[in-house]
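Undergrad: The structure that follows is given in the form of structure tokens.
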Amino acid sequence: METLEVKCRFCQQTEFVKKHSKGDADHQRYRCFSCNQIFQLEYAYRACHCSYIWNEKTFRKLLKKLASFNVVFWCTDNFKTYNLLPKSQHRAGKIFTQHIERENLMRTRIKRLNV
């Protein structure tokens, strides 16, 4: 029988790690009795490994599609591909995006009152 030495992802200990149970995707879970954490060696859902990459090419395609709407100004964060927007129409920063979200929130609250 082959033994597998598993290192804890949190405290890097090997001697206090024991099998715990099986995960939803049938991956083995382990428990570290040193730091009392439960972890897996492999995860079925990998949020950090997304396949779609937002870049200048896709942003240019989006701008072509939105060109017919005559947008007065753009409220964005400071993502580097937004430098393609004209400086006169570009508003960068959290203040502008939070203001838009606040307007939408106010609209939904008013709708609730009019029920």
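The values are calculated or read from the model by the stated rules, or taken from the named source; none is laboratory data. All values reported here derive from a predicted model rather than from experimental measurement. In this analysis, Cβ positions are derived from the backbone assuming ideal geometry, glycine residues included, and neighbour counts consider all displayed protein chains.
Undergrad: Any chance region 35-57 includes a residue that's over 30 Å from Glu5 (Cα atoms), of a type in the set (Ser, Thr, Tyr), exposed (fewer than 10 other Cβ atoms within 10 Å of the Cβ) and at pLDDT 85 or above?
TA: No: zero hits.
Undergrad: Do you know which residues across region 7-25 are at pLDDT 85 or above and either out of contact with any Phe, Trp or Tyr (no Cβ under 8 Å at 6 or more places or on another chain) or acidic (Asp, Glu) (or both)?
TA: Lys7, Cys11, Gln12, Gln13, Thr14, Glu15, Ser21, Lys22
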